[in-house]
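To start, the structure under review is shown below, and the notes come after it.
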Amino acid sequence: MTGASYPLRFRSAEARGTRIGRPLRLFGRVHGVDEALLDRIGRAFSERDEPAAALAAALRLPPGADGRVTRAQVSAALAEVGASAVDGPPRVPAPGGRADLDERPAALEQFLPHVTAVPGWVDWELVDEGAAVLRRLGQNAADVLLQLSLVGGYRFGGPTDLLAATGALTGGTLQRLARTQEWTVALSEPGALRPGGPAWRATVQVRLTHALVGASFTGPGGAGTEPWDTARWGLPANQADQAATLGLFDGTVILGCRALGVPVPPSDSRALMHLWKWVGHLLGVHPDFLVDDEWARHRLDHHVLLAQAGVSDAGPRLARAVVAAQAERTYPGPAWWRPWRARWERERMLSMLTVFLGVRSMRELGLPLRPPWAHAYLLPLNTWRYRVAGRSRRGRERLERWGRRRSDAILASYRPVAPAGHEETAGQRQSVGE
């Protein structure tokens, strides 16, 4: 160790993290503990995404204040960013591009290059192939992201307490899940992550949302009913938690899909990891935590587990809210069938969670245990779908079409039927601050 100062949560439940991380250590080929890496993670609890934090501070300034940035200015600047050519630099919008925006504020001007400049390591063909892999994974990726990534992440204090402090426990669970689903589905569209593309804009807006949440708890006029305990948790939306979240989206999805019987060969793994490396860059994750090698991610994720705190009071409440939200979704079919479908979805989710998280974690989160019947039917189904029917080029194309259909159906189930004339646009759903 370097003698650096760490928050109290750092390694406060290391024995528990070691137990939870045993499958990751085994299937992720992790060998030993790297104290230097743990030290880097510990220091990252006190680091934040500085470019986005500066922009968030400017967004929170009162009207008329010098250097204030408005959401309209951010949205206009992002809309002006042209789609980047693969071999050329992206077009950064010039100040004063619109008549109602005479001059771009300094904080916005300084932020834009961090999301428009494309690092030399980005391979657009590999990014697009990663999107295709994500489409082929279809329902399986959606299941892993919701269960192992999201609910599994509620087993650790810190990010869960921040989420609870934002008011997430008072309602709106279905809307939060819908926005996350919309974002991940957008990432799977071809070319959507190039600067100026819809997934690029949505990802930049996610980055700003994280920064705004952090600013609301550390700046003047904090949003929480109690001050944020930096000594205990580190900074809100810190770099260690950002790295942990990225690991839940890339490496965890790969391992989770394999646990459901889906083969993820090295070529698919490489493409998917590269896609998420670019997404992580756009989200403001520190370069120390950006990797496009699956095994490097598993090693990093294992050390992140060792650095975590135990479960807090917020974790079980958030987990139960996600399970309960399955009954609020809009399922197709006649009205008499929908309550039965909602119950089936809830039981299916609990069955999969019992396998993914294990008995002790389910009890810690206050979730009821279920037999592993969902895995029992998914394993042979995915074996047929991916290892037999999906082996050929046409088979993979069929898997992509199936993945799109499942994504559309999942998104539709999270959206209430809008009254005529009140349809919500994609731009409204992706507005800054959501």
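Put in line by how crowded their Cβ is, counting other Cβ atoms within 10 Å and starting with the fewest, R338, R201 read R338, R201. Rg ratio for the chain: its Cα radius of gyration over 2.2 N^0.38 Å, N being its residue count, equals 0.97. Pairs of Cα atoms nearer than 8 Å and 6+ residues apart set the relative contact order; for the chain it is 27 percent. Points 7 angstrom from Cα along the Cβ direction at A65 and R394: gap in nanometres? About 6.3 nm, to one decimal. Only one residue of P334, L306, L290 has its Cα farthest out toward the positive end of the dipole of region 263-358, where Lys and Arg carry +1 and Asp and Glu -1 on Cβ, and that residue is P334.
For region 150-163, putting each phi into the Karplus relation 6.51 cos²θ - 1.76 cosθ + 1.60 with θ = phi - 60° gives couplings of 6, 5, x, x, 6, 7, 10, x, x, x, 5, 5, 5, 4 Hz, in residue order, rounded to whole numbers and with x for Gly and Pro. Which whole-number percentage describes the relative contact order of region 187-277, with Cα contacts under 8 Å and a sequence gap of 6 or more? In percent, rounded to a whole number, it is 15. Shown is the FRET efficiency for R19 and D229, computed with R0 = 25 Å from the Cβ-Cβ distance and rounded to the nearest 0.05: 0.45. Per residue, the chain reaches -17000 deg cm²/dmol at 222 nm when only DSSP H runs of four or more residues are counted, each adding -39500 (n - 2.57). Close amide H partners of E47, meaning residues 5 or more places away or on another chain with modelled amide H under 5 Å apart, are L235, Q239, A240. Which percent of the Cα-Cα distances in region 152-196 go past 18 Å? Percentage above 18 Å: 48. May I ask for log10 I(q)/I(0) of region 251-309 at q = 0.26 Å⁻¹, from a Debye sum over the Cα atoms as equal point scatterers with solvent left out? So the normalised log intensities are -1.13.
Packing around the peptides 208-214, 362-368, 131-137, taken as the average count of other Cβ atoms within 10 Å per residue, puts them in this order, highest first: 131-137, 208-214, 362-368. Each Lys and Arg contributes +1 and each Asp and Glu -1, all at the Cβ; summed about the Cα centre of the chain, the dipole is approximately 2000 debye. Tell me which of P265, Q181, G251 sits at the most positive position along the dipole axis of the chain, charges placed on C-beta atoms (Lys, Arg +1; Asp, Glu -1). With unit charges placed on the Cβ atoms, the residue in question is P265.
Taken along the Cα-to-beta-carbon direction at a fixed 7 Å, the label points for R405 and Y377 span 1.7 nm. Our coupling estimate for region 315-327, obtained by passing each phi through the Karplus curve with A = 6.51, B = -1.76, C = 1.60 and θ = phi - 60°, is x, x, 5, 5, 4, 5, 5, 5, 5, 5, 5, 5, 6 Hz, Gly and Pro reported as x.
Quick note: the coordinates plus some simple rules give every number you see, no bench work behind them. The model shown is predicted, which means the values in this text are computed figures rather than measured ones. Ideal geometry is used to build each Cβ from the backbone, glycine not excepted, and the neighbour counts take in all protein chains shown.
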